[in-house]
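What follows is a short report on a single structure.
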Amino acid sequence: MQLRQSLSSLRRWGAGLGVGLLAFALILTGCDSDSGMDDPPEPEPATTITDVVTSTDDLSTLADVLSDDQAEALDDTSTTFTVFAPSNTAFEPYDFSGREGLVAPVVNYHVVQGAAVTSDQLSDGDTFTTLQGDQIEVTLEDGNVFVEGAQVTTPDVEADNGVAHVIDDVLLTNRTAGERLQVTSATESLFQAVDNAGLASAFNSPDNVWTTFAPENEAFENADLSGFSDSEIQEILQYHTLDGVTDSGALLQLLADNGGEVSVPTNQGEDVTVTEQGDGSVVFNGGQATLNLDRVDQRASNGIIHQIDGLLIPPSLAEPTVAGIVANNDDFSTLNTALDATGLDATLDDRAATFTAFAPADASFAPYNVDFLIDNPMLLEEVLGFHVVQGAAAFADDLSDGDTFTTVQGDDVEITIDGGNIFVEGAQVTTADVEAANGVVHVVDDVLLTNRDAVERATVTSDFSILADLVDTANLADALSGPGPDGEDGITVFAPTNQAFLEALDANDNGEIDDSEIPSNAADILKYHVLDDVFFAADVPTTETALPTLEGSDATVVRSGSDVAINPNSENASVIAPDVEASNGVIHGIDTVLQIP
């Protein structure tokens, strides 16, 4: 740019110098009355192509991208040029920043050296070899002049070393599709996706002559591709390309010949459906995207590009995977976090596999200590694996009462059907048959923990956290993790809630229990809450019955309807959370700490 200014300044200085010398000569002539001769007038300074570009407001962008070498070359009056000069508006759709290596050859593709060809000398089909080395072709249509598809808007801007024709687009027809996508502002996100997917070389290869339906940046901003694997994203991008060149005219003719709708094969392998609407708009796959009719027919050296306003998803990928359903549903945010923490999201994203997933919604996780589960990934992975059956997509109509399925974790889950409602391990299916590309999801109202032992269940249940801590402190974890002293049926745990412990052990002002408040016989008190047999709430007798505890003393239980009480004549504890099933028995949450009689 500095050189361009210097050249212009030099010409102005030279002109001024000439005027001064001429005046001096006239003075000398006046002193010599015998000469009788007049000096010829000083010629006007030459106006070059560089001058035209740098002094024309509507060519200021072109002036900015000219290198000093190019400005100097176009300022050479010893040769002749024809320049097709993009206007400022022509540059607006493009962004060449950071791509300096591409700018110089692009500019040279607009310059023909050795001839000054005015518009009246141009004929339809004329070709010219450019400074860049490739040829450009002229087309005449209805009195208008086009060069490589760009229209000449202002012809014959003459200079002393040639002629410039202002055009309405930057000539990029000799650049590859990948290069065009890269420098076109509206498709920068597409090129970034292509590059990230390892497909840039494919879009730049001369062997791949493609028609590309190019989603604009906003399409990527509005799309969530997080549920797709890397290979699936490659497929999605390939789904936007057709083999061969189909310009907009050919596409519209194809639609006209087929009643306004046609399905064409893509390079991904599946067809894309193109429809012409009554208003003349052209949509894809029933509305996934609309053709931008103002930005079609962007020719490249290896194909053609048409911009569209949406992202096209192949039919095989349009349906989300099990992982995708979880990831894209706000009501599964906790489950999604858990799957991500264990890597099971990648397993459930496998479209080659088939799954039945029993998915707890966020509300189902509310009673549990999710942070503890996240911090214990091995336990979390087992818990999640107990919700997944691999190898079958079992829809609601396929389920029968008593069906069992082996889970990814290894244990079986059992189906119960009661009054038309479906239950799995006691958790009710609230939303059935959420179909996925690789299976089916059934939403359940509880986290499936029936294969965890009583200590694990207490540990992960927020309202039993004090009980779990006391069991650990009293070294009773092993005793309460097994089937009980008789080694047969299992155990029943009457589990005081946190509030029950806080009231019984005089919590401090911070709502915590000081170690000094824990009685020395805490282990015996805890064992007094455990029966060496399994009693579900419905199994409790309706008359007061004394049952032996692990501590050795009896506890009295009684049921009235669905209400169960323990030691009704003393503490009168009530069961407030019945039938929390565990692998070694059952837990009943109670509202009072029992005292040994």
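The values are calculated or read from the model by the stated rules, or taken from the named source; none is laboratory data. Worth saying up front: this structure is predicted, and the values here are computed from it rather than measured. Here Cβ is always computed from backbone atoms with ideal geometry, including for glycine, and neighbour counts include all displayed protein chains. Side chains included, ligands, DNA and RNA excluded: accessible areas come from the protein's heavy atoms. Shrake-Rupley method; radii C 1.70, N 1.55, O 1.52, S 1.80 Å.
Among all residue pairs at least 6 apart or on different chains, which show Cβ distances below 8 Å where the first residue, located in the stretch 62-83, is of a type in the set (Asp, Glu) and the second is open to solvent by 60 Å² or more (accessible area, probe 1.4 Å) and in a loop (DSSP other than H, G, I, E, B)?
Close Cβ pairs satisfying both conditions: Asp64/Met1; Asp68/Met1.
If a residue must be open to solvent by less than 40 Å² (accessible area, probe 1.4 Å), within 20 Å of Ser231 (Cα to Cα) and hydrophobic (A, V, I, L, M, F, W, C), how many such residues does the stretch 333-349 contain? Before you say what the answer is, go through the steps one by one.
Initially, the stretch 333-349 is screened for residues open to solvent by less than 40 Å² (accessible area, probe 1.4 Å), giving 334-335, 338-339, 342-344, 348-349.
Next cut, within 20 Å of Ser231 (Cα to Cα) only: 343-344, 348-349.
Of the ones still in play, those that are also hydrophobic (A, V, I, L, M, F, W, C) are 344, 348.
So the count comes out to 2.
Which is more than 19 Å from Ala289 (Cβ to Cβ) and hydroxyl-bearing (Ser, Thr, Tyr), of Thr173, Thr211?
Thr173
I'm trying to understand the selection: among the residues of the stretch 350-402, which are hydroxyl-bearing (Ser, Thr, Tyr) and either open to solvent by 40 Å² or more (accessible area, probe 1.4 Å) or under 16 Å from Thr431 (Cα atoms) (or both)? Spell out how you get there, then give the answer.
Start the filter on the stretch 350-402 by keeping residues that are hydroxyl-bearing (Ser, Thr, Tyr), which leaves 354, 356, 364, 368, 400.
Selection gives Thr354, Thr356, Ser364, Ser400.
Within the stretch 50-70, can one find any residue that is open to solvent by 60 Å² or more (accessible area, probe 1.4 Å), over 23 Å from Thr153 (Cβ atoms) and either modelled with pLDDT of 50 or more or not polar (S, T, N, Q) (or both)?
The first filter runs over the stretch 50-70 and keeps only residues open to solvent by 60 Å² or more (accessible area, probe 1.4 Å), leaving 55, 57-58, 64, 68-69.
With over 23 Å from Thr153 (Cβ atoms) added as a condition, the list becomes 68-69.
Cutting the leftovers down to either modelled with pLDDT of 50 or more or not polar (S, T, N, Q) (or both) gives us 68-69.
Taking every residue of the stretch 50-70 in turn, at least one turns out to be open to solvent by 60 Å² or more (accessible area, probe 1.4 Å), over 23 Å from Thr153 (Cβ atoms) and either modelled with pLDDT of 50 or more or not polar (S, T, N, Q) (or both).
Yes or no: Ala479 open to solvent by 50 Å² or more (accessible area, probe 1.4 Å) and among the hydrophobic types (A, V, I, L, M, F, W, C)?
yes
How many of the residues making up the stretch 271-294 are in contact (Cβ under 8 Å) with a residue 40 or more places away in the chain, crowded, with 19+ Cβ neighbours inside 10 Å and either part of a loop (DSSP other than H, G, I, E, B) or not small (Gly, Ala, Ser) (or both)?
3
Could you list, in sequence order, the residues of the stretch 228-255 that are part of a helix (DSSP H, G or I) and under 17 Å from Leu181 (Cβ atoms)? Show your work before the answer.
Just the residues of the stretch 228-255 that are part of a helix (DSSP H, G or I), to begin with: 230-238, 248-255.
Ile233, Gln234, Ile236, Leu237, Gln238, listed by residue number.
For the stretch 570-597, how many residues are open to solvent by 60 Å² or more (accessible area, probe 1.4 Å) and hydrophobic (A, V, I, L, M, F, W, C)?
The total comes to 1.
Checking the conditions here, which among Val493, Val471, Val455 is hydrophobic (A, V, I, L, M, F, W, C), within 25 Å of Leu380 (Cβ to Cβ), crowded, with 21+ Cβ neighbours inside 10 Å and touching a residue at least 60 places away in the same chain (Cβ under 8 Å)? Break it down stepwise before answering.
Details: Val471 fails: touching a residue at least 60 places away in the same chain (Cβ under 8 Å); Val455 fails: touching a residue at least 60 places away in the same chain (Cβ under 8 Å).
Among Val493, Val471, Val455, only Val493 is hydrophobic (A, V, I, L, M, F, W, C), within 25 Å of Leu380 (Cβ to Cβ), crowded, with 21+ Cβ neighbours inside 10 Å and touching a residue at least 60 places away in the same chain (Cβ under 8 Å).
Scan the stretch 80-117 for residues that are among the hydroxyl-bearing types (Ser, Thr, Tyr), in a loop (DSSP other than H, G, I, E, B) and touching a Ser or Thr at 6+ places or on another chain (Cβ under 9 Å) and jot them down.
Our first condition is that a residue be among the hydroxyl-bearing types (Ser, Thr, Tyr); within the stretch 80-117, this holds for 80, 82, 87, 89, 94, 97, 109.
Retained after the next criterion (residues that are in a loop (DSSP other than H, G, I, E, B)): 80, 87, 97, 109.
Passing the criteria: Ser87, Tyr109.
Quick one: how many residues across the stretch 305-325 are in a loop (DSSP other than H, G, I, E, B) and of a type in the set (A, V, I, L, M)? Spell out how you get there, then give the answer.
Keep residues of the stretch 305-325 that are in a loop (DSSP other than H, G, I, E, B), which gives 309-314, 319-321.
Filter once more, so that each one left must be of a type in the set (A, V, I, L, M): 311-313.
Going through the stretch 305-325 one residue at a time, the tally reaches 3.
Go through the residues of the stretch 259-268 one by one and say whether even a single one is over 30 Å from Arg180 (Cβ atoms), outside any helix (DSSP H, G or I), open to solvent by 60 Å² or more (accessible area, probe 1.4 Å) and small (Gly, Ala, Ser). Don't jump to the end; show me each part of the working.
Looking only at the stretch 259-268, we keep the residues that are over 30 Å from Arg180 (Cβ atoms), and these are 259.
Checking which are outside any helix (DSSP H, G or I) leaves us with 259.
With the extra rule that they be open to solvent by 60 Å² or more (accessible area, probe 1.4 Å), the set shrinks to 259.
If we keep only those that are small (Gly, Ala, Ser) too, we end up with 259.
Yes - at least one qualifying residue is present in the stretch 259-268.
Given Glu503, Glu551, Glu571, which one is within 27 Å of Arg452 (Cα to Cα) and among the charged types (D, E, K, R)? Break it down stepwise before answering.
On the way: Glu503 fails: within 27 Å of Arg452 (Cα to Cα); Glu571 fails: within 27 Å of Arg452 (Cα to Cα).
Of the residues listed, the single one that is within 27 Å of Arg452 (Cα to Cα) and among the charged types (D, E, K, R) is Glu551.
Mind telling me which of the residues Asn196, Asn208, Asn174 ends up being farther than 23 Å from Val52 by Cα, in contact with a helix residue (DSSP H, G or I) (Cβ under 6 Å, 6 or more places away or on another chain) and open to solvent by 20 Å² or more (accessible area, probe 1.4 Å)? Don't jump to the end; show me each part of the working.
Numbers: Asn196 fails: in contact with a helix residue (DSSP H, G or I) (Cβ under 6 Å, 6 or more places away or on another chain); Asn174 fails: in contact with a helix residue (DSSP H, G or I) (Cβ under 6 Å, 6 or more places away or on another chain).
Only one candidate qualifies: Asn208.
Within the stretch 130-156, take every residue that is polar (S, T, N, Q) and more than 44 Å from the chain's Cα centre (by Cα) and give me the one that is nearest to Phe81 (Cα to Cα).
Looking only at the stretch 130-156, we keep the residues that are polar (S, T, N, Q), and these are 130, 132, 135, 139, 144, 151, 153-154.
The next check asks that each one be more than 44 Å from the chain's Cα centre (by Cα); those that pass are 144, 154.
Numbers: Asn144: 22, Thr154: 17 Å.
Applying the filter and picking the extreme gives Thr154.
Can you find, within the stretch 458-468, the residue that is farthest from Asp515 (Cα to Cα) among those that are hydrophobic (A, V, I, L, M, F, W, C), open to solvent by less than 20 Å² (accessible area, probe 1.4 Å) and touching a Phe, Trp or Tyr at 6+ places or on another chain (Cβ under 8 Å)? Talk me through it step by step, then tell me what you get.
Residues of the stretch 458-468 hydrophobic (A, V, I, L, M, F, W, C): 458, 460, 464, 466-468.
Filter once more, keeping what is open to solvent by less than 20 Å² (accessible area, probe 1.4 Å): 458, 460, 464, 467-468.
Remaining after also requiring touching a Phe, Trp or Tyr at 6+ places or on another chain (Cβ under 8 Å): 458, 460, 467.
Details: Ala458: 20, Val460: 22, Leu467: 14 Å.
It comes out as Val460.
Being modelled with pLDDT of 95 or more, more than 25 Å from Thr56 (Cα to Cα) and surrounded by fewer than 15 Cβ atoms within 10 Å (Cβ to Cβ) is the requirement here; does Glu188 meet it? If you could, list the steps in order and put the result at the bottom.
Values: modelled with pLDDT of 95 or more: yes; more than 25 Å from Thr56 (Cα to Cα): yes; surrounded by fewer than 15 Cβ atoms within 10 Å (Cβ to Cβ): no.
The answer is no for Glu188.
Mind counting the residues in the stretch 412-432 that are open to solvent by less than 60 Å² (accessible area, probe 1.4 Å) and charged (D, E, K, R)?
Residues that pass the stated criteria total 1.
Which of the residues spanning the stretch 118-163 are part of a strand (DSSP E or B), open to solvent by less than 30 Å² (accessible area, probe 1.4 Å) and more than 27 Å from Asp247 (Cα to Cα)?
In the first step, residues of the stretch 118-163 are kept if they are part of a strand (DSSP E or B); the result is 127-129, 135-141, 144-147, 150-159, 162-163.
Applying the additional criterion that residues be open to solvent by less than 30 Å² (accessible area, probe 1.4 Å) yields 136, 138, 145, 147, 150, 152, 159, 162-163.
Residues satisfying the conditions are Ala159, Gly162, Val163.
Condition check ((1) of a type in the set (Ser, Thr, Tyr); (2) without any contact (Cβ under 8 Å) to a residue 24 or more places away in the chain) across all residues:
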residue: Thr118; (1), (2): yes, no
residue: Phe128; (1), (2): no, no
residue: Asp134; (1), (2): no, no
residue: Gln151; (1), (2): no, yes
residue: Asp156; (1), (2): no, no
residue: Asn161; (1), (2): no, no
residue: Asp168; (1), (2): no, no
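For the structure I just gave you, tell me whether Leu225 is of a type in the set (A, V, I, L, M), surrounded by fewer than 19 Cβ atoms within 10 Å (Cβ to Cβ) and part of a loop (DSSP other than H, G, I, E, B). Break it down stepwise before answering.
Numbers: of a type in the set (A, V, I, L, M): yes; surrounded by fewer than 19 Cβ atoms within 10 Å (Cβ to Cβ): yes; part of a loop (DSSP other than H, G, I, E, B): yes.
Spelling it out, Leu225 is indeed of a type in the set (A, V, I, L, M), surrounded by fewer than 19 Cβ atoms within 10 Å (Cβ to Cβ) and part of a loop (DSSP other than H, G, I, E, B).
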